[in-house]
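Laboratory data are not the source of any read-out in this text; all were calculated from the coordinates shown. What you see is a predicted model, and the numbers here were worked out from it, not measured in a lab. When we count neighbours, we look across all protein chains shown, and the Cβ atoms used for this are built from the backbone with ideal geometry, even at glycine.
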Amino acid sequence: MSGTYLVIAEQRGGKLRQVALEALQAAMIASDNRGARIAAVLIGRNAGAIAESLAGYPVSDIHVIEDASLEHYNPEAYLHALDALCGTVKPDAVFLGHTALGRDLAPALAARLKAGQLSDVIAVERSGDETVFTRPLYAGKAFEKKVFRGTTPWVVTVRPNNIPAAAASDTGSGSGPANIVKHDYAAPSSLRTVVKDVVRKTSGKVDLTEAKIVVSGGRGVKSRDGFKPLEELAELLGGAVGASRGACDAGYCDYALQIGQTGKVVTPEIYIACGISGAIQHLAGMSQSRIIIAVNKDPEAPIFKIADYGIVGDLFEVVPLLTKEFRKALA
Ligand code: FAD
């Protein structure tokens with residue numbers, strides 16, 4: 001393989017998302033130093049402003065597609081811009097995060113490029129001459145290993161928090177620092193949708209799908225106010241707050257926090273489930289977390305079956321105690 005592996009480096013609010021570096025690492029493992037160039041593309045209104053920060057990573061070329069019309073994610077515009085770039089770069093593979101943007105964009109891009117697509121990849125390894133991708137099935141109950149056969153390109157989305165992020169290097173993947181290549185972009189007049197504004201429902205400082213620590217509440221939190229001790233603990237630990245559908249359905253929090261089969265999938269280092277029974281649909285969104293801590297007053301709650309640590313007790317007593325002890329330990 002001697003072509004180009006292209007990473008769509010997702011950014012939000014002028015900051016590179018962690019998953020962009022994880023997608024870069026996936027591309028590096030897949031290319032296995034077989035002469036492929038690793039390139040990245042940044043798209044957005046001020047995408048060029050973060051090109052320098054990406055230049056510290058092992059990439060040969062950083063393509064910047066910058067235009068006011070690309071300020072907010074617009075599937076048509078992004079597809080149009082990336083299709084044009086791929087026409088020039090002719091990548092053998094495209095890697096991006098399995099985020100809301102990646103899940104929307106990848107299949108459309110794959111169809112446009114007549115590419116094979118694998119989504120929600122959690123591991124990449126080389127085996128002989130092949131690149132083997134692992135992805136979960138049946139809500140994490142089984143895993144499948146897949147390889148691409150035949151023609152390129154491939155389009156691959158990687159689940160956040162599973163593949164270690166690429167480490168910074170001084171010289172890029174080529175013999176010198178990365179080339180920053182700016183591309184002109186003009187939105188076509190044929191665009192059928194224009195995104196005027198994006199109103200975020202949650203103001204959490206840490207993105208739920210990328211958080212290293214998630215403190216989640218279920219119907220056991222009993223009210224909107226019941227989430228306050230969880231928010232306090234999450235803030236102290238630099239984590240994000242999540243929820244079960246039970247809590248969302250009860251109106252205790254916004255559906256943007258829902259984790260599970262019909263919500264977000266998270267794989268943090270630590271998942272703290274408070275007042276969540278552990279229904280199979282909830283486990284589908286968090287069972288791959290590295291360490292699971294459950295707080296529930298019912299010792300028979302199913303969540304304890306998958307928890308690494310279980311605390312049987314009232315969350316309104318246990319969570320403030322945890323916060324107090326963590327605060328002491330972190331001081
Ligand atoms: P409950 O099952 O009511 O559990 C509340 C728990 O809190 C109990 O275990 C109780 O012992 C404990 N508790 C109560 N008070 C306290 C206290 N003071 N201290 C400590 N513990 C306490 N669910 C999801 O979460 N995500 C999904 O994506 C999802 N998708 C679904 C899709 C489909 C098609 C269907 C049918 C269901 C889906 N569900 C989903 C719903 C799921 O089946 C459960 O109903 C839901 O997860 C239950 O939420 P819960 O655990 O918060 O509530």
What is the distance in Å between the Cα centroid of the range 106-179 and that of the range 226-293?
27
Everything considered on the Cα gyration tensor (a ≥ b ≥ c; rounded for a/c under 1.5, else prolate if a/b is larger than b/c, else oblate), the range 1-125 must be described as rounded
Under the rule of at least 5 residues apart or a separate chain, name every residue whose amide H is placed under 5 Å from the amide H of Thr4.
Arg37, Asp92, Ala93
Of the residues Glu300, Glu232, Glu66, which exhibits the maximal mean-square fluctuation in a Gaussian network model of the chain defined by a 10 Å Cα contact cut-off?
Glu300
Taking a ≥ b ≥ c as the square roots of the Cα gyration tensor eigenvalues, with a/c under 1.5 meaning rounded and otherwise prolate when a/b beats b/c or oblate if not, the range 283-331 comes out oblate
With an 8 Å cut-off on Cα pairs and a minimum separation of 6 or more residues, tell me the relative contact order of the range 213-331 in percent.
24
Among Lys205/Lys264; Lys205/Lys328; Lys15/Lys205, which pairs are too far apart, with a Cα-Cα distance over 20 Å?
Lys205/Lys328
Among 274-284, 122-132, how do they line up by average Cβ neighbours within 10 Å per residue, starting with the highest?
274-284, 122-132
Please list, in chain and number order, the residues 5+ apart from Tyr57 or on another chain whose amide H is under 5 Å from its amide H, with Hs placed from the backbone.
Ser169
For Ser216, what residues show an amide H to amide H distance below 5 Å, using hydrogens built from the backbone and excluding near sequence neighbours?
Gly242, Ile272, Ala273, Cys274
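Take the cross-link list Lys90/Lys196; Lys145/Lys305; Lys145/Lys297; Lys114/Lys196; Lys196/Lys228 and give me the ones stretching past 29 Å between alpha-carbons. Before the final figure, lay out the partial values.
Details: Lys90/Lys196 32 Å; Lys145/Lys305 27 Å; Lys145/Lys297 39 Å; Lys114/Lys196 31 Å; Lys196/Lys228 33 Å.
The pairs that break the limit, which is 29 Å between Cα atoms, are Lys90/Lys196; Lys145/Lys297; Lys114/Lys196; Lys196/Lys228.
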Karplus-derived 3J(HN,Hα), 6.51/-1.76/1.60, for each residue of the range 319-331, Hz, glycine and proline x
5, x, 5, 4, 4, 4, 5, 5, 4, 4, 5, 7, 5
The range 126-134 - phi-based ³J(HN,Hα) in whole Hz, Karplus 6.51/-1.76/1.60, Gly and Pro as x
9, 9, x, 8, 10, 9, 10, 10, 10
What ranking of Val194, Val181 emerges when the number of other C-beta atoms within 10 Å of each C-beta is taken as an exposure proxy, fewest first?
Val194, Val181
Using helices alone, I'd like the mean residue ellipticity at 222 nm for the chain: each DSSP H run of four-plus residues gives -39500 (n - 2.57), total over residue count, nearest 500.
-7500 deg cm²/dmol
First check a/c for the chain, with a ≥ b ≥ c the square roots of the eigenvalues of its C-alpha gyration tensor; if it is under 1.5, answer rounded, and if not, answer prolate when a/b is larger than b/c or oblate otherwise.
prolate
